[in-house]
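In what follows, a single structure is set out as structure tokens and then discussed.
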Amino acid sequence: MEKVMMKLGGLTCPSCLAKIQKGVEAVDGTADVKVLFNAGKVKFTLDPAVSSPETVQEGIEKMGYTVQGTKMKEV
């Protein structure tokens, strides 16, 4: 398992938070999803055997937001 943190761009309102959280939770292999609106970040746990950070990033970008950076740490 890996802990992933992505810096987001394009967050304009709290409803963005719920939209991104549901989108990331819908990706197989993600868990413990938290969107930090004021910090402009999303944090989650990812099973690299099931999915990849790139898959999550593509989903976020399809919703109209940008990913400005990704950090990962093995758990």
Residue span Ala18 to Thr66: 0.36 nm per residue of separation minus Cα-Cα distance leaves a gain in nm of 15.7 nm
Cβ-defined net charge surrounding Met1, 12 Å radius [Lys, Arg +1; Asp, Glu -1]:
-2
For Asn38 paired with Ser52, estimate the spin-label separation in nm (one decimal), with each label point 7 Å from Cα along the Cα-to-Cβ line.
3.6
Below 12 angstrom from the Cβ of Lys43, what's the summed charge of the other residues (Lys, Arg +1; Asp, Glu -1)?
+4
Any chance you could give the angle, 0 to 90 degrees and rounded to 10, that helix 14-25 forms with the longest Cα principal axis of the chain?
20
Set Lys and Arg Cβ to +1 and Asp and Glu Cβ to -1, take the dipole of the chain about its Cα centre, and tell me which of Thr12, Val27, Gly64 lies farthest positive.
Thr12
Can you tell me the Rg and the Dmax, both Å, for the Cα atoms in the chain?
11.0, 33
Gaussian network model of the chain, springs between alpha carbon atoms under 10 Å - residue of Val50, Val35, Val24 with greatest fluctuation
Val50
Could you give the size of the charge dipole of the chain about its Cα centre, using +1 on the Cβ of each K and R and -1 on the Cβ of each D and E, expressed in debye and rounded to the nearest 20?
380
Fluctuation leader among Thr45, Thr30, Thr12 - the chain, Gaussian network, Cα springs under 10 angstrom
Thr12
Cα-based reach from Lys62 at 14 Å (exclusive), listing aspartates and glutamates while leaving out same-chain residues under 8 positions away
Glu54
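Bear in mind these aren't lab numbers, they're just calculated from the coordinates by the rules spelled out. Just so we're clear, the structure is a prediction, and the values are computed from it rather than from any experiment. Glycine gets a Cβ as well: all are built from the backbone with ideal geometry, and neighbour counts include every protein chain shown.
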